[in-house]
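Scroll down for the structure; my scribbles are underneath it.
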Amino acid sequence: MEILSDMWKEKITFIGINIDDEKSWKKFSQKNIKWITLNDPKEAFGLYIRYKANGIPFYVLVTPDGRISDIWYGYNKDSLSERLKQGVK
């Protein structure tokens, strides 16, 4: 994420939403990360359910006009990079 957020910083805003408890999220947020990280106070019953997340990590690519252009989940070393290359002009 750090490499990609640096590489795409002119075109994309990366936002991480943590569904862990607030204490765990605060501990994670204190690390030197370069993207926005938020916590969903409803944990797995908030945005996770709303977007029908089927796994972690869960990605939603939203266009500047607010349209969802892609949704996927799961970790694969290059999946985020490949999706960004395909979906971001």
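Structure notes:
- Looking only at residues in segment 41-58 that are over 17 Å from Met1 (Cα atoms) and of a type in the set (A, V, I, L, M, F, W, C), the one that is most open to solvent (accessible area, probe 1.4 Å) is Phe45.
- Residues that are under 20 Å from Glu22 (Cβ atoms), in a strand (DSSP E or B) and of a type in the set (Phe, Trp, Tyr) within segment 32-89 comprise just one, Phe58.
- If you go through segment 8-31 and pick out every residue that is without any contact (Cβ under 8 Å) to a residue 12 or more places away in the chain and either in a strand (DSSP E or B) or among the small types (Gly, Ala, Ser) (or both), you end up with 2.
- Applying the condition of being open to solvent by 70 Å² or more (accessible area, probe 1.4 Å) and aliphatic (A, V, I, L, M) to segment 15-30 and asking which residue is farthest from Arg50 (Cα to Cα) yields Ile15.
- Members of segment 59-69 that are in contact with a helix residue (DSSP H, G or I) (Cβ under 8 Å, 6 or more places away or on another chain) and exposed (fewer than 14 other Cβ atoms within 10 Å of the Cβ): Ser69
- Options Ile12, Ile33, Ile3: the member that is modelled with pLDDT under 85 and surrounded by fewer than 12 Cβ atoms within 10 Å (Cβ to Cβ): Ile3
The values are calculated or read from the model by the stated rules, or taken from the named source; none is laboratory data. Keep in mind that this is a model prediction, so the values were computed, not measured. In this analysis, Cβ positions are derived from the backbone assuming ideal geometry, glycine residues included, and neighbour counts consider all displayed protein chains. Keep in mind that these areas ignore ligands, DNA and RNA; they rest on the heavy atoms of the full protein, side chains included. Shrake-Rupley method; radii C 1.70, N 1.55, O 1.52, S 1.80 Å.
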